[in-house]
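Engineer: Have a look at this one.
The values are calculated or read from the model by the stated rules, or taken from the named source; none is laboratory data. All values derive from a computational prediction rather than experimental measurement. Heads up, the Cβs are rebuilt from the backbone with ideal geometry, glycines too, and the neighbour counts pull from every protein chain shown.
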Ligand SMILES: *Cc1c(COP(=O)(O)O)cnc(C)c1O
């Protein structure tokens, strides 16, 4: 087995650090100098190494290109005022990646590679981590099938990679969203709870149509009855109805178990709010809107932390919200952003030092 912190490193001869415009980071534009790589062959992890971020060579029969056996994670590391680096809840991402792997018939990624390898990689490329408020190093671990065959079966070999890159503070303008009635994202028994590329591929037409109609995203409904809301794009969804925080439950495996969602539930409860994880029907939301009880609507995910919804359209009804009055979620957003910047001293044990 791989020993912790002993991964061999090939360092780049020409750093790309000077090409990064730290004033205009955006998202997903820049990549750090190095990547972690590991191969799964003959039932074992081998070739664990860190090397310069570079092109990979493959033959056209690479099975992931045909049958989409691929999973990923998305997480962040922040540099605090003293220059300490912390990753937010990386063990949750590791566990989730391995749940996704199980669903996609892929091998488990060992902690020594995922966690220790990630820390070693981040330490090596730490100059890429921006230190401004809400700026971070985005971390993208992913695993894909590498057998060269057109046979339909689980692959006999896989490649695991971690790439990283600096990202800016994510200003998310309040979103306009419509309730998707034609397409569905996930059905019970499907892959909705796995972080896999196929779920995204299947959602792109819907988002393209939403954009054409002037909307930012769609709110997915359950596939069976088109009655219960599920989640939005790459975000889970939460509502404040009356004084209660309400969010769709995860029990039927159609919703991605977001680490932001999980953290918010803990933080809201700690602050004394009642949180309900349960089925949320669109009829209930419409009724709560009509009676003035639907006070806050927001998406939550690693990229934006919390992203407010200013308009929600269902059939002919356009529900409009005053985002400036969404104080509970706005305060919570600040709490979580401050938390990631290590301004709270980590009372929940969510920060892991690099
Ligand atoms: C990643 C993701 C989320 C958010 O999960 P976080 O761990 O909070 O970033 C929500 N929905 C989908 C479909 C996702 O892929």
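Engineer: Report whether or not residue 68 is touching a helix residue (DSSP H, G or I) at 6+ places or on another chain (Cβ under 8 Å) and either closer than 20 Å to residue 135 by Cβ or touching a residue at least 24 places away in the same chain (Cβ under 8 Å) (or both).
Structural biologist: yes
Engineer: Select from region 152-180 the residues that are modelled with pLDDT under 95, in contact with a strand residue (DSSP E or B) (Cβ under 7 Å, 6 or more places away or on another chain) and assigned to a loop (DSSP other than H, G, I, E, B) and list them in ascending order.
Structural biologist: 172, 174
Engineer: Being touching a residue at least 40 places away in the same chain (Cβ under 8 Å) and assigned to a loop (DSSP other than H, G, I, E, B) is the filter here, so list the residues in region 223-246 that pass it.
Structural biologist: Scanning region 223-246 gives 226, 227, 233, 234, 242.
Engineer: If you go through region 79-124, how many residues are free of Cβ contacts under 8 Å to residues at least 12 places away in the same chain and in contact with a helix residue (DSSP H, G or I) (Cβ under 6 Å, 6 or more places away or on another chain)?
Structural biologist: Summing the residues that are free of Cβ contacts under 8 Å to residues at least 12 places away in the same chain and in contact with a helix residue (DSSP H, G or I) (Cβ under 6 Å, 6 or more places away or on another chain) in region 79-124 gives 1.
Engineer: Six or more apart or on different chains, Cβ atoms under 8 Å: show the pairs whose first residue is in region 247-261 and more than 20 Å from residue 98 (Cβ to Cβ) and whose second is part of a helix (DSSP H, G or I) and more than 11 Å from the ligand (Cβ to nearest atom).
Structural biologist: 247/265
Engineer: For the structure I just gave you, tell me whether residue 102 is closer than 25 Å to residue 253 by Cβ and more than 11 Å from the ligand (Cβ to nearest atom).
Structural biologist: yes
Engineer: Still on this model: Assess whether residue 257 counts as being touching a helix residue (DSSP H, G or I) at 6+ places or on another chain (Cβ under 8 Å), part of a loop (DSSP other than H, G, I, E, B), more than 18 Å from residue 315 (Cβ to Cβ) and within 15 Å of the ligand (Cβ to nearest atom).
Structural biologist: yes
Engineer: Can you tell me which of 215, 158 is assigned by TED's automatic domain parsing to the domain that holds residue 274 and either on the phi > 0 side of the Ramachandran plot or more than 14 Å from the ligand (Cβ to nearest atom) (or both)?
Structural biologist: Details: 158 fails: assigned by TED's automatic domain parsing to the domain that holds residue 274.
Exactly one of 215, 158 is assigned by TED's automatic domain parsing to the domain that holds residue 274 and either on the phi > 0 side of the Ramachandran plot or more than 14 Å from the ligand (Cβ to nearest atom) (or both), namely 215.
Engineer: Among what's in region 267-289 and is out of contact with any strand residue (DSSP E or B) (no Cβ under 9 Å at 6 or more places or on another chain) and part of a helix (DSSP H, G or I), pick the residue that is farthest from the ligand (Cβ to nearest atom).
Structural biologist: Taking region 267-289 and keeping what is out of contact with any strand residue (DSSP E or B) (no Cβ under 9 Å at 6 or more places or on another chain), we get 267, 270-272, 283.
Now narrow it down to the ones that are part of a helix (DSSP H, G or I): 267, 270, 283.
On the way: 267: 13, 270: 18, 283: 23 Å.
Top of the filtered list is 283.
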